[in-house]
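Chemist: This is the structure I have questions about; it appears just below.
The values are calculated or read from the model by the stated rules, or taken from the named source; none is laboratory data. Small disclaimer: the values here were computed from a predicted structure and weren't measured. Backbone-built Cβ (ideal geometry, glycine too); neighbour counts: all protein chains shown. When the accessible area is computed, the model is the full protein with side chains, heavy atoms only, and any ligands, DNA or RNA have been set aside. Shrake-Rupley method; radii C 1.70, N 1.55, O 1.52, S 1.80 Å.
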Amino acid sequence: MIMKESKLFKYFRLIPVLVFILLTGCIENDIPYPKIPQIITSLAAEGEIRPSVIDSLAFDVTVYLDEIVDIENVIFTEFTTTPDARTDFDMLEGTHNLSNPMIVALTRYQTYYWVVYGKQDIERYFTIEGQVGETVVDPIGHRVIVNMPEGTDLSNLHLESVKLGPREITTMTPDLKPGIIDLTHPLRVEVTAHGRTEIWTIYVVLTDLVVSTTSVDAWSEVVWAYGNCPSDLTGGFEYRESGSTEWIAVDQKRVTQTQGSFSASIPHLKPLTEYEVRAIVGEDEVDESGKDKGNVIKVTTQGTTDIPNGDFENWWYDESRKIWFPYAEGGEQYWDTGNTGTASLGQNNVVPTDYTPTGQGRAAMLDTRFVGLFGIGKLAAGSVYTGKFAKVDGTNGILDFGRPFNLRPTVLKGYYQYQTANIDYAAAEFEDLKGKPDTCHIYVALADWTAPFEIRTNPKNRQLFDKNSESIIAYGELLYSGTMNAYQEFEIKLEYRDTSRVPTYLQITCATSKYGDYFTGGTGATLYIDQLSFGWDLPE
């Protein structure tokens, strides 16, 4: 006889299940989720003038836009991230306002907030015949300020050029064009582009200065001077060592004049020496008041320095790790290589050599080779650089680029010899280079980084040196893809973007394969480097 289960008995049978549910509901999940930073790996927009700069340490991206792009309605054409990252909206749909920083959240286990900046430089100018110095164009305050000589008839000025908004799409009311203009009173101008109107005001300021010295930047053996004068006069400079009574005129071939502003380089000076500099105009170009001399500015030139171990005489072989280092054991580490990474597979592709330009001492020998075992590995380009190999990231490297430096040399000099090889390994984006001669790359840069710049070769979060970065103050490079049968001397001129900015870091890199950071190059390419030094003067 089967007895029917009572309702009460059913309830008692459910008690253990309910207790289990309650207890397990109170158990904490102490297993932490992995912390995997989510990275924006590419971002492109319509109308960009150069590739975006992605900083995966600061979690920000800078997009560089042409001046005719509507920065409040930017269209992205490419957006990629590390695998499995989720975003809070579709970046490739619609338009986006980059007139202010844009926040993008990437989530996988945790959320990482990225900032996207839009950078757009709009060329603006306003010039009047006979003006003193450069026009001040203030895009924030929407003001234009022009200095004119005392006594100028402001009702009969000659406007030479004007542009206050993006090219081709800007209208102005009144419609300003070259010709006669009355600026007796401030002039209000409506400047319209992309359907938005700004109210600009144009002012004239009268000055009794015929010529003025506006600034002087002192390097080690060169001084850069800047001045203002009426645009219909010819500006120049004089200088002297402090304590001297004789002024020396700067050769006019070194003077560059644009409207009422002019500048000049003054070479062949002594380091760590005080000089006086003043702007001038020709005596026959001013009236009897004799106002042909500007104010005097005193500056002291910087010193000079050698590049530590720039002759590559000092090396140390770490017996325990089987690694060659380009510095003496226990000495200052100024240079490093990728040997720490390649030595894990029993190889060094940067080593000392007694093959030198003079037949004496040591030099650095670098080569490009496949590094691996049983056909598994990757191409490694030989490189020596100012900085430090930080750590290995799988089969990739993380490097700290740069050494503290605050001087401003004009050239990097040295000796090199290169033997190219046809490129036999290439990343997907460089497949078209296969079979072509490899290219060595030597470059020098001065930057205002606040810390060493982290280089990462891992494609998942790659961050490489960018010569176009706004942090770069000066840059120069040498590229060569042939084969030499002897050492050759070289000079790499540093091209400065600003003579007043003082660097904080120096970066020198010598590599056997230009695209070695992308594991692209020719097996057997070899580069010898020796006797690196700086020049501090300018040529005649």
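Chemist: Only Lys, Arg, Asp and Glu count, each charged at its Cβ (+1, +1, -1, -1), so figure out the dipole size of region 374-500 about its Cα centre, rounded to 20 debye.
Modeler: Using only the charged Cβ atoms, the result is roughly 300 debye.
Chemist: Treating only the Cβ of Lys, Arg, Asp and Glu as charged (+1, +1, -1, -1), what charge dipole size does the chain show about its Cα centre? Round to the nearest 20 debye.
Modeler: Values: 44 positive and 75 negative charges, 603 e Å.
The calculated dipole for the chain is roughly 2900 debye.
Chemist: Can you work out the FRET efficiency for the pair ASN458 and ASP251, with r the C-beta to C-beta distance and R0 = 60 Å, to the nearest 0.05?
Modeler: The value I calculate is 0.70.
Chemist: With a probe of 1.4 Å, find how much accessible area region 350-482 has per residue, and write the answer as a whole number in Å².
Modeler: Values: 5780 Å² over 133 residues.
Dividing the accessible area of region 350-482 by its residue count gives 43 Å².
Chemist: Let me ask you something else. Between THR234 and GLU470, what length comes free when the chain is fully extended (0.36 nm per residue of separation minus the Cα-Cα distance, one decimal in nm)?
Modeler: 81.6 nm
Chemist: Using the charge dipole of region 481-540 (Lys, Arg: +1 at Cβ; Asp, Glu: -1 at Cβ; taken about the Cα centre), state which of THR509, ILE492, GLN531 has its Cα farthest towards the positive end.
Modeler: Looking along the dipole axis, the top candidate is THR509.
Chemist: What ranking do 243-255, 513-525, 462-474 get when scored by the average of other Cβ atoms within 10 Å per residue, highest first?
Modeler: Per-residue Cβ counts within 10 Å, averaged per peptide and sorted highest first, yield 513-525, 462-474, 243-255.
Chemist: Averaged per residue, what accessible area in Å² does region 113-266 show with a 1.4 Å probe, protein chains only?
Modeler: So region 113-266 comes to 49 Å² accessible per residue, rounded to a whole number.
Chemist: Can you list the lysines whose alpha carbon sits under 29 Å from that of LYS391, skipping same-chain ones fewer than 8 residues off?
Modeler: Straight-line reach from LYS391, under 29 Å: LYS35, LYS322, LYS378, LYS460, LYS467, LYS514.
Chemist: So for region 345-502, taking the charge dipole from beta-carbon charges (+1 Lys/Arg, -1 Asp/Glu), which of ALA381, PRO352, PHE430 sits furthest toward the positive end?
Modeler: Result: PRO352.
Chemist: Another question about this same structure. Based solely on C-alpha atoms, express the radius of gyration and the Dmax of region 394-443 in angstrom.
Modeler: 16.3, 42
Chemist: Give the aspartates and glutamates reachable from LYS177 as a straight Cα distance under 17 Å; neighbours fewer than 8 places away on the same chain don't count.
Modeler: By straight Cα distance, LYS177 reaches GLU123, GLU129, GLU160, GLU168, GLU190.
Chemist: Across 20 Å bins from the origin, how do the percents of Cα pairs in the chain run, short distances first?
Modeler: Result, from short to long distances: 17, 37, 31, 10, 3, 1, 0 percent.
Chemist: Using a 1.4 angstrom probe on heavy atoms only, work out the carbon and sulfur share of the accessible area of region 444-539 in %.
Modeler: Values: 1790 of 3950 Å².
Within region 444-539, the accessible surface is 45 percent carbon and sulfur.
Chemist: Shape of region 383-480 from its Cα gyration tensor (a ≥ b ≥ c, root eigenvalues): rounded if a/c is under 1.5, otherwise prolate when a/b > b/c, or oblate?
Modeler: It comes out oblate by the Cα gyration axes.
Chemist: Same structure, new question: In region 289-423, carbon and sulfur make up what percent of the accessible area (probe 1.4 Å)?
Modeler: With neighbouring chains kept in place, the figure for region 289-423 is 48 percent.
Chemist: Return the FRET efficiency for the residue pair ILE68, GLU495: r is the Cβ-Cβ distance, R0 is 35 Å, and the value is rounded to the nearest 0.05. Walk me through the numbers before you get to the answer.
Modeler: Working: r = 28 Å, r/R0 = 0.79.
Plugging the Cβ-Cβ distance into 1/(1 + (r/R0)^6) gives 0.80.
Chemist: Multiplying the sequence separation of ALA328 and HIS268 by 0.36 nm and subtracting their Cα-Cα distance, what value in nm do you get?
Modeler: Full extension of this stretch gives 18.1 nm more.
Chemist: Quick one: order ARG501, ARG188 from most to least accessible surface, probe 1.4 Å.
Modeler: Largest accessible area first, the list is ARG188, ARG501.
Chemist: For region 163-289, what is the charge dipole size about the Cα centre, in debye to the nearest 20, if Lys and Arg each add +1 at the Cβ and Asp and Glu each add -1 at the Cβ? The partial results should precede the final answer.
Modeler: On the way: 10 positive and 20 negative charges, 148 e Å.
The calculated dipole for region 163-289 is roughly 720 debye.
Chemist: Please work out how much length the chain gains when fully extended from ASP121 to TYR355, using 0.36 nm per residue of separation minus the C-alpha to C-alpha distance, in nm with one decimal.
Modeler: 79.2 nm
Chemist: So if I take the alpha carbon set of region 131-217, get Rg, then get Rh from the Kirkwood formula, what is the Rg over Rh ratio?
Modeler: Result: Rg/Rh = 1.00.
Chemist: In whole percent, and with a 1.4 Å probe on the protein chains, what portion of the accessible area of region 45-102 is carbon and sulfur?
Modeler: The C+S portion of the solvent-accessible surface of region 45-102 is 49 percent.
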